[in-house]
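K.L.:
Below is a structure I'd like to ask you about.
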């Protein structure tokens with residue numbers, strides 16, 4: 001948090017705009033639109049709320065199917081099930097760790113060839129730009145057009161990342177962002193839904209404010225949700241958005257530092273590959289170390305030094321709550337989960353912090369090599 005955020009929050013208090021909506025909400029939406037070069041944005045209470053509303057705008061009904069990346073946070077899949085639809089999970093490809101276009105098309109063709117086994121309609125494709133890395137959107141959008149299935153981008157982790165110069169979240173029909181406390185910028189808790197179609201975002205705002213009808217009294221003709229962002233939190237978001245490019249540069253510098261260390265040590269490692277036309281925001285520095293010892297042993301060794309590292313996301317098709325859902329693909333995301341690790345990635349890591357991290361990893365590698 002910086003000085004501008006505090007000044008904007010103080011403005012909200014000074015003008016007595018503490019109620020859920022207010023001028024900072026409008027301002028935040030306009031600035032999100034400008035930054036992302038998208039026509040319309042609705043500021044909401046969370047990224048999951050944005051995904052839920054996005055699916056409702058696509059007329060997702062109970063019994064429908066949504067093709068969802070398996071390698072993701074549970075919010076992606078939970079939003080599908082809020083609508084009564086079913087998630088069909090898709091494996092990852094090795095380059096970006098995101099939705100595998102080949103497995104995606106296999107799922108589409110299989111579902112449409114067997115209406116007895118799969119009686120529902122495919123309502124949406126939901127790729128995730130994991131850890132800030134854009135998915136293979138050329139291939140995914142080509143399949144969207146070929147099979148006439150809209151795309152709802154889960155860009156919760158990828159604000160500021162670009163694919164062929166276009167911001168993630170603006171490539172598909174709809175895009176969802178998260179401003180949770182752990183994201184590259186935060187409103188403490190919050191999210192946004194963006195689209196080029198104004199009627200969609202107008203509808204999203206209506207549903208997000210309990211679907212209140214335009215009447216002088218409180219009247220409701222359909223079910224709504226309490227999903228709007230507050231004016232105070234939007235004020236924080238406006239200040240955070242102004243330093244987003246600095247945050248991206250800081251996160252990318254942290255990622256590059258790990259790459260330098262691993263290269264200096266001669267380790268065999270892999271990470272998500274950007275490619276010539278792709279820029280990740282490197283929200284998290286996530287790696288697979290092929291000769292750095294067993295993943296869990298490294299995680300525990302770092303924990304002993306009071307340095308938190310985390311396994312990569314456990315795929316949704318491996319989660320107890322979703323294990324019965326259909327899954328298409330191989331074992332790419334399963335292998336990433338078993339072997340990968342997220343290292344400390346914060347924008348505010350100091351030189352001293354980074355040195356502690358370097359020493360911790362180096363010590364573990366040294367001990368592992370001696371045992372070998």
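Please treat every number below as a calculation from the coordinates, not as lab data. Owing to the predicted nature of the structure, the values given are computational and were not obtained by experimental measurement. All Cβ positions, glycine included, derive from the backbone under ideal geometry; neighbour counts span all protein chains shown.
K.L.:
Could you grab the relative contact order for segment 262-372? Cα pairs under 8 Å, six or more apart, rounded to a whole percent.
P.N.:
Relative contact order comes out at 31 percent.
K.L.:
Can you bin every Cα-Cα distance in the chain into 10 Å intervals starting at zero and give me the percent of pairs per bin, rounded to whole numbers?
P.N.:
For the chain, the pair-distance distribution reads 5, 23, 31, 24, 13, 3, 0, 0.
K.L.:
Quick one: among 91, 154, 246, which has the greatest mean-square fluctuation in a GNM of the chain with alpha-carbon springs under 10 angstrom?
P.N.:
Per the Cα network of the chain with a 10 Å cutoff, 246 tops the list.
K.L.:
How large is the Rg to Rh ratio of segment 333-372 when both quantities use alpha carbon positions and Rh follows Kirkwood?
P.N.:
Ratio of gyration radius to Kirkwood radius: 1.10.
K.L.:
Moving on to the next point. Pull out a ≥ b ≥ c, the square roots of the eigenvalues of the alpha-carbon gyration tensor of segment 245-371, then state rounded if a/c is under 1.5, prolate if not and a/b is larger than b/c, and oblate in the remaining case.
P.N.:
Taking the square roots of the gyration eigenvalues as a ≥ b ≥ c, segment 245-371 is oblate.
K.L.:
What is the mean projected area of the alpha carbon convex hull for segment 1-56, to one decimal in square nanometres?
P.N.:
If I average the Cα hull's projected area over directions, I get 4.9 nm².
K.L.:
Return the single residue from 21, 233, 53 with maximal mean-square fluctuation; model: Gaussian network over the chain, springs between Cα atoms under 10 Å.
P.N.:
Comparing 21, 233, 53 in the GNM, the peak value goes to 21.
K.L.:
Could you list the square roots of 5 times each eigenvalue of the Cα gyration tensor of segment 97-144, that is, the equivalent ellipsoid semi-axes, sorted largest first and rounded to whole Å?
P.N.:
Equivalent ellipsoid of segment 97-144: 24, 10, 9 Å, largest first.
K.L.:
Using helices alone, what [θ] at 222 nm do you get for the chain, with -39,500 (n - 2.57) per DSSP H run of 4 or more residues, divided over all residues and rounded to the nearest 500?
P.N.:
Dividing the helical sum by the residues of the chain leaves -13000 deg cm²/dmol.
K.L.:
Obtain the nm distance between the two label points defined at residue 146 and residue 35 by a simple spin-label model: each point lies 7 Å from its Cα along the Cα-to-C-beta direction.
P.N.:
Label at residue 146, label at residue 35, 3.5 nm between them.
K.L.:
Simple spin-label model, 7 Å along Cα-to-Cβ: residue 242 to residue 351 in nm?
P.N.:
It works out to 2.8 nm between the two label points.
K.L.:
Using the basic label-point model (7 angstrom from Cα toward the beta carbon), what is the residue 211 to residue 61 distance in nanometres?
P.N.:
Those two pseudo-labels are separated by 1.5 nm.
K.L.:
Further question: GNM on the chain, C-alpha springs below 10 Å: top fluctuator among 325, 219, 61?
P.N.:
Taking springs between Cα atoms under 10 Å, the residue moving most is 219.
K.L.:
Assign one of three labels to segment 140-231, namely rounded, prolate or oblate, based on the Cα gyration tensor with a ≥ b ≥ c the square roots of its eigenvalues; rounded applies when a/c is under 1.5, prolate when it is not and a/b is larger than b/c, and oblate otherwise.
P.N.:
Oblate shape, in that a/c is at least 1.5 and b/c is the bigger or equal ratio.
K.L.:
Ranking 162, 351, 60, 15 by Cβ neighbours within 10 Å, fewest first, what do you get?
P.N.:
So the ranking, lowest neighbour count to highest, is 351, 15, 162, 60.
K.L.:
When the label point is put 7 Å from the Cα of residue 95 along its Cα-to-beta-carbon vector, which residues of segment 261-303 have a backbone N closer than 17 Å?
P.N.:
What the label zone holds, given the 17 Å backbone N cut-off, is 270-281.
K.L.:
Please report the spacing between the Cα centers of segment 239-274 and segment 124-201 in Å, no decimals.
P.N.:
21 Å
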